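Report on the following structure.
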Amino acid sequence: MKKALAILMIFALVASVAVAEISIGAWGRGIFVPVQSVAGADNATSIQKTWDNPATDAGPRIGFTIAGNSDNVGFQVDIRATEKPVAEDPWDVEMLGLNDVAKIWVKPIDMITLTVGQYFDDTLRGNTAFGSFDWIRAYGNSVGEDVTFMRIASSDQNKNYAVEQGFLVTVQPMDALFFAVNFADAFGATEDLFNKIQIQFGYTIDGIGQIRAQYYAEELNGAAGADADGTIEVAFKLTMVENLYADFGFRMFTNDDGKNADSEKDVAAYAKYSMDAITIHAQTQVKLFDEADTQFTVGAGVDYDLGDGIGIQGDVHYFNDAFDKAGDTETAFTFFAGVKKGFSNGLVGVGLEVLSAGDTSWALPVRMEYWF
């Protein structure tokens, strides 16, 4: 009897290992800028991330992910190395810190997933990242991810992805249908819970494209207990044309005291077309107001694959004076050209970025990136 029980225990252990695993993955990017021109200041050298302000922020993004996955339960924790020390004693700082994700997920039934903690969900997210958006955005294209359709985040969107925790329910009864209810920044008075809710819907029409719609709310002006500052978005992703990816989005705001104070409405579009070794990109974003001047940007880029992992990239963008790209009321033009060498688990590249907005500034980025 004892032998039979021991054998059953061994079988149970082997079965649990077969359907559950702990995995380690990683992604990171660092940009070394041996020389950059910043308007009104001396030329400078820096090490930074793609999304930094080159005049104030420093340090690459270096990190790794630990995840546990089984059929019904899992977790994920993202860890990053700390950035430039801010203490007088450089050793008097935490060497590792929590990055974007620290979550537990459970699937009570196959079509439903519950998630709690810090998280993102990019199932329906719009993504128009190309060219200089993946290098130094301050000198180039700063309009990319989320421009056509906002991702799900555990933080109140008004806090710009500050570290907050939430509770997410996603339902996917079939591959073509996705539905989500997200309670972002789920702390405080219960009556305020729905002031930061996000409801998302997506349906894929086979052979044609994907329709998406959502409502998400923020606390008005980021103030706890304030009324909801709601946003409505609709988008359509066209996939029916071979080699063409096109995404169109519309955004409007519901609270006249919040972002909709001047009846703002946003329209965005992105398309890319691939032909053998060439991929062509184009995007635009237009912000319409009742009283204020229209803000808009338009840009285009190209990627060319030379083979052996070597590729060249370039893009140009225009921002009108109301868009305020460079922190003033000047129209702005950006130019980027770069070459990169890809490997199985990363890349290295060098480029030139120029921003012309009244004064002209430029940077020579050296980009290094890994993924595992």
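Derivation of every value follows stated rules applied to the coordinates shown; laboratory data play no part. All figures in this text were calculated on a predicted structure; none of them were measured in a lab. Glycine gets a Cβ as well: all are built from the backbone with ideal geometry, and neighbour counts include every protein chain shown.
Counting every pair of alpha carbons in region 216-372, the share spaced more than 27 Å apart comes to 45 percent. Scanning residues 5 or more positions from GLY346 or on other chains, those with amide H under 5 Å from its amide H are TRP371, with H placed 1.01 Å from N in the peptide plane. Remark: C-alpha extents of region 25-371 on the principal axes read 53, 52, 45 Å, sorted largest to smallest. Expressed in Å, the radius of gyration and Dmax of the Cα atoms of region 311-363 are 14.1, 44. Taking every alpha-carbon pair under 8 Å whose residues sit at least 6 apart, region 25-371 reaches a relative contact order of 13 percent. Among TRP135, TRP105, TRP51, sorting on how many other beta-carbon atoms sit within 10 Å of each Cβ, with the fewest leading, yields TRP51, TRP105, TRP135. Cβ-to-Cβ counts within 10 Å put SER46, SER154, SER132, SER142 in ascending order as SER142, SER46, SER154, SER132, the fewest first. Checked against a 26 Å cut-off, the cross-linked pairs LYS49/LYS107; LYS196/LYS287; LYS107/LYS196 give Cα-Cα distances beyond that limit for LYS49/LYS107.
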